[in-house]
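Just below is one structure, and these are the notes that go with it.
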Amino acid sequence: MSDCVFCGIARGTIPARVIYQDELVVAFDDIHPQAPVHALIIPRSHHEHLGDSVSAELMAALFSAVPLVAAVKGVDESGYRVIVNAGRDAKQTVQHLHVHVLGGRMMSHGMVLFTPGDDDV
Ligand code: 5GP
Ligand code: ZN
């Protein structure tokens, strides 16, 4: 998609700090990191979310990249969390499928924070 920022990063027309890439996926540092390590893994092809015609091959490529990215970022031993937001309630803000890899600091058990009074947004 021409106006999609992550398509631009995949094509190389929008700059990003690339960590890993192969023929199917690209991984790069998040521009607004929410942890000491915050990487994103995206497919080169445009899919809005996990439910948007993602082939088994691409699914495997996305998740196979996770431990590679964790190793490059130095959190493979210490641990990391993987998050994929899909749609409104998950607050997906970029409508190009992406896998978050977060680590570099001890996290809490809670995986989800709800925003009181924000159910209609
Ligand atoms: P979402 O909430 O959609 O799951 O997360 C989108 C993520 O993309 C956010 O963490 C945001 O900081 C990141 N992001 C948005 N625009 C850019 C960009 O232009 N470059 C990079 N590297 N990250 C971006
Ligand atoms: Zn895209």
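The values are calculated or read from the model by the stated rules, or taken from the named source; none is laboratory data. Keep in mind that what you see is a predicted model, and the values were worked out from it rather than measured. Don't worry about glycine lacking a Cβ; one is built from the backbone with ideal geometry, like all the others, and counts go over all protein chains shown. SASA here: full protein model, heavy atoms, side chains in, ligands and nucleic acids out. Shrake-Rupley method; radii C 1.70, N 1.55, O 1.52, S 1.80 Å.
Remarks
- In the range 1-40, the portion of solvent-accessible area held by carbon and sulfur atoms comes to 55 percent [1.4 Å probe, whole percent, DNA, RNA and ligands not counted].
- Our summary gives the chain a relative contact order of 27 percent, counting only alpha carbon pairs under 8 angstrom and 6 or more residues apart.
- With the convex hull drawn around the C-alpha atoms of the range 1-108, the volume per residue stands at 103 Å³.
- If R0 is 25 Å, the Cβ-Cβ spacing of residue 88 and residue 29 corresponds to a FRET efficiency of close to 0.45.
- Surface analysis of the range 30-121 yields an accessible area of 65 Å² per residue, using protein heavy atoms and a 1.4 Å probe.
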